[in-house]
Amino acid sequence: MITGTGITKIFKQRGGVLGAREVPALRGVDFAVAKGGAVSFIGESGSGKTTLGRIIAGLETHDAGEIVIDGVPMSSLSHRKRQPYFRRVQLIHQDPYSALNPTRTIHQTLEAPLRLRARQTGRPRSWVDGRAAELLAMVGIDPGYVLPRYPHQLSGGMRQRVVIARALTMDPEVLVADEAVSMIDVSLRLGILALLKDLRERLGVGVLFITHDIATARYIGDDGELYVLYRGQVVERGATEKIIADPVHPYTQSLLSAIPVLHGLERPGAERVVPREMQREGEPDGGCLFARRCPFSTERCESEMPVLGRDGGTEQEHACFHPRRRSVIPVGVGE
Ligand SMILES: Nc1ncnc2c1ncn2[C@@H]1O[C@H](COP(=O)(O)OP(=O)(O)OP(=O)(O)O)[C@@H](O)[C@H]1O
Ligand SMILES: [Mg+2]
């Protein structure tokens, strides 16, 4: 079980006429991923998804909050003592090509972490080669073909499978898949998503799925949980199916309104939620982060920040003063 409470990250960006600028990438995010669970984070570009994934995998520091892995708060450990815990979280990068060392064969790529794993678990070195073949078979590729080859000799889909096999060398509890299929040929995406789903079922590994696409979030975790991130804040959280069927936060509603569907599949009487263009960039003064784009914002939204909760008797949690049950409909293609 991996949990985070109040995870906050502020980047300091240099440059510009005003000098250094502080960018709040995460504003007190709480989350939990259980073994075998499926949790999806969705949100637009810049909402903090990658930053959160990197913090959970121990690759990025945070400014406030606590990550707890298997009951152990990471802040209580030295940097060195944290490493074995963070190895239980493995990150799968967006770009399988840059994630693999081009000068190493797949055999060499898998051998190094497997030797480490053999030492950690008291296994003989002879275990390594058999395990490499086993992991490749598990991700659906022929070990005999792939092991002697270099990354550039493989297709994008195969490379991503190798990246997943390498992540599995550490027997992780959670795989963090950050836009794991966005750079893969469309025709191969479903295969990779199906693999992640299958690993969840077969190995009981938890999947934290990061995407800006609600349809892939739904595919990977139709029985899981969905977190909707907007400018570093979780604005809606609950069962994936529930939120897709009945979103209450206007931002989530606008995300769902933007999905194209074929004519004939629209729900009659549904309303489309179209966010306004932001008139002024930058931080609102203490109000809701979405207020300037929200078609339903009121005076209160401009001055007070809503927190995640169940106000209004909704099943899912949301951070909105005016959660409304709006039946939203994906935008029809060709309109
Ligand atoms: N290393 C960094 N230095 C400074 N600012 C950063 C850094 N990494 C991210 N940011 C800023 O933090 C915010 C969140 O970025 P992040 O990459 O986590 O978003 P994201 O949701 O993954 O976006 P995308 O969908 O485009 O991948 C953005 O405003 C970004 O510019
Ligand atoms: Mg990202």
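Straightening the chain between Glu241 and Tyr145 buys 30.6 nm, computed as 0.36 nm per residue apart minus the Cα-Cα spacing. Centre-to-centre, using Cα atoms only, the stretch 165-244 and the stretch 1-71 are separated by 17 Å. For the chain, the relative contact order comes to 19 percent (Cα pairs under 8 Å, sequence separation of at least 6).
For the listed peptides 209-220, 142-153, a ranking on the average number of other beta carbons within 10 Å per residue, highest first, reads 209-220, 142-153. In a simple Cβ point-charge model (Lys, Arg +1; Asp, Glu -1; nothing else charged), the stretch 102-170 has a dipole of about 240 debye relative to its Cα centre.
Since only Val72, Ala34, His62 are under comparison, the one whose Cα sits farthest along the positive direction of the charge dipole of the stretch 32-74, derived from C-beta charges on Lys, Arg, Asp and Glu, is Ala34. As a calculated quantity, the FRET efficiency between Ala112 and Asp223 at R0 = 35 Å, using C-beta atoms, amounts to about 0.50. Within a straight-line Cα-Cα reach of under 17 Å, Lys242 can be paired with the following aspartates and glutamates, leaving aside sequence neighbours fewer than 8 residues apart in one chain: Asp213, Asp222, Asp223, Glu225, Asp311, Glu315, Glu317.
Close amide H contacts of Phe41 (hydrogens built in the peptide plane, cut-off under 5 Å, sequence separation of 5 or more or a different chain): Phe209, Ile210, Thr211, Tyr227.
Helices in the chain that qualify as membrane-span-like (whole DSSP H runs, Cα extent of at least 27 Å along the helix axis, mean Kyte-Doolittle hydropathy of 1.0 or higher) do not occur. I'd like to know which of Val307, Tyr97, Ala112 lies farthest towards the positive end of the charge dipole of the chain, counting +1 on Cβ of Lys and Arg and -1 on Cβ of Asp and Glu. Positive-end residue among those listed: Ala112.
Rounded to the nearest 20, the Cβ-based charge dipole of the chain about its Cα centre (Lys and Arg +1, Asp and Glu -1) stands at 1220 debye. What shape does the stretch 102-170 take by its C-alpha gyration tensor, where a ≥ b ≥ c are the square roots of the eigenvalues and a/c under 1.5 counts as rounded, a/b above b/c as prolate, and the rest as oblate? Prolate, because a/c is 1.5 or more and a/b exceeds b/c.
A short reminder: the numbers here are calculations on the coordinates, not readings from a lab. Keep in mind that this is a model prediction, so the values were computed, not measured. Here the Cβ is made from the backbone with ideal geometry for all residues, glycine too, and neighbour counts use every protein chain on show.
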